[in-house]
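The values are calculated or read from the model by the stated rules, or taken from the named source; none is laboratory data. This is a predicted model, so every value here is computed, not measured. Quick reminder, even Gly has a Cβ in these numbers, built from the backbone with ideal geometry, and neighbours come from all protein chains shown. To get the accessible areas, we keep the full protein, side chains included, count just its heavy atoms, and leave off ligands, DNA and RNA. Shrake-Rupley method; radii C 1.70, N 1.55, O 1.52, S 1.80 Å.
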Amino acid sequence: MLSRMTLDEKFRQINMVDIRIFIDDEGNFSEELADSFFNGMGIGVVQDPRFEPEVNAKIVNQLQKYLKTKTRLGIPAIVVCESLHGFMSPKATIFPQAIGLASTWNTEMLKEIASAIAKECRVNGINQTLAPDLDLAREPRWGRVEETFGEDPYLCSSMGVAYIKGVQGENEFIDNDHIISTVKHYAAHGSPEGGINLSPVYAGERQLRELYLKPFEAAVKDAGALSV
């Protein structure tokens, strides 16, 4: 497949677009809009189907059919969403935020919650979720502390592993009730200078290895996260 791809097609396969650019003013999938964007080429990732469940499933199915039948190579897209405390879409189940779930120290409960989230995502056509957030919240002024499991590397690691296992399942391959987990963000991202999002993080190699990288190491080694 790679040998058949042009450079532009390879670029498209490592790119991501919002699914809403293919939706017309009436809220329907538009082949005309798709034609003008794709020009016979595919796309690697489509993000954020945030409509009601029936609409999500319909639009994602129409998009995937279009990609398989109307583009030169017929490669379907990976469809991603956000799900830190539930699938981010109308009528989806809303669970407590990550920082609240972390305060329970209940990994089994979190695993069940993540499994329920995965099922809701899957029936909406989702393949992959941008969760969990394994940043350590060591800068309380940072405005995204609620996305994290707190400041402690052990707690964050334990909760992260539970979430990933719940979302992905524990089989060798992802089955029809589960989706791929993307661990985020970059290590030490959650402790920016002055609490300003995306500001520099002042941490040496020792802090990185002993603190910030621990949850990510557990996610890969203990939970088998498929996307980091």
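Subtracting the Cα-Cα distance of S30 and E112 from their residue separation scaled by 0.36 nm leaves 25.8 nm. May I ask you to list the trypsin sites (Lys or Arg not before Pro) in segment 78-123 that are in a DSSP loop and have at most 14 other Cβ atoms within 10 Å of their Cβ? In loop regions of segment 78-123 (DSSP not H, G, I, E or B), the sparsely surrounded trypsin sites (Lys or Arg not before Pro) are K91.
Here K70 is the anchor, and the aspartates and glutamates within straight C-alpha reach of less than 12 Å, apart from those fewer than 8 places off in the same chain, are E31, E32, D35. Near the amide H of S227, within less than 5 Å, lie the amide hydrogens of S181, V183, all on another chain or at least 5 residues away, with H placed in the peptide plane. The string of couplings for segment 108-125 from the Karplus curve (6.51, -1.76, 1.60, θ = phi - 60°) is 5, 5, 5, 4, 5, 4, 4, 5, 5, 4, 4, 5, 5, 5, 4, 6, 8, x Hz, one whole number per residue in order, with x for Gly and Pro. Between K91 and N176, how high is the FRET efficiency from 1/(1 + (r/R0)^6) when r is the Cβ-Cβ distance and R₀ = 25 Å? Nearest 0.05. The computed FRET efficiency comes out at 0.75. Charge tally for H178 (other residues, Cβ to Cβ under 14 Å; Lys, Arg +1; Asp, Glu -1): -2.
Heavy atoms only, 1.4 Å probe, whole protein assembly: order I179, I99 by accessible area, highest first.
The residues order as I99, I179, largest area first.
Counting Cα-Cα pairs of the chain in 5 Å increments starting at 0 gives whole-percent bin shares of 1, 7, 14, 16, 16, 15, 13, 10, 6, 3, 0. Between I21 and E146, the contour length at 0.36 nm per residue exceeds the alpha carbon distance by 42.0 nm.
Beta carbons within 10 angstrom, averaged per residue: use that to sort the peptides 161-167, 102-108, highest first.
Output ranking for 161-167, 102-108: 161-167, 102-108.
Converting phi to 3J(HN,Hα) with the Karplus coefficients 6.51, -1.76 and 1.60 and the offset θ = phi - 60°, segment 182-191 yields 9, 7, 9, 9, 6, 4, 6, 4, x, 10 Hz in sequence order, with x at every glycine or proline.
Listed by chain and number, the aspartates and glutamates whose C-alpha is less than 15 Å from the C-alpha of K214, apart from same-chain residues fewer than 8 away, are D133, D135, E151, D152, E205, D222. Of the DSSP beta bridges with both residues in the chain, give the percent that are antiparallel, rounding to the nearest 5. Taking every DSSP beta bridge within the chain, about 5 percent pair in antiparallel fashion. Averaged over its residues, segment 1-101 has an accessible area of 55 Å² per residue, based on protein heavy atoms and a 1.4 Å probe.
Give me the percent of accessible area attributable to carbon and sulfur for the chain, probe 1.4 angstrom.
Roughly 53 percent of what the probe reaches on the chain is carbon or sulfur.
Taking the Cα of K58, stepping 7 Å toward and past its beta carbon, and measuring to each backbone N in segment 78-95: which are under 13 Å? Backbone N within reach: none found. For segment 62-79, 3J(HN,Hα) computed residue by residue from phi via the Karplus equation (6.51, -1.76, 1.60; θ = phi - 60°) reads 5, 5, 5, 4, 4, 4, 6, 10, 10, 10, 4, 9, x, 8, x, 8, 7, 10 Hz, glycine and proline entered as x.
For segment 152-199, GluC sites (Glu not before Pro) meeting the loop criterion (DSSP other than H, G, I, E, B) and having at most 10 other Cβ atoms within 10 Å: E172. For a quick check of understanding: with a 1.4 angstrom probe and all protein chains in place, what accessible area in square angstrom does E151 have, to the nearest ten? Near enough 110 Å² of accessible area.
Close amide H partners of Q47, meaning residues 5 or more places away or on another chain with modelled amide H under 5 Å apart, are V17, D18, I19, V80.
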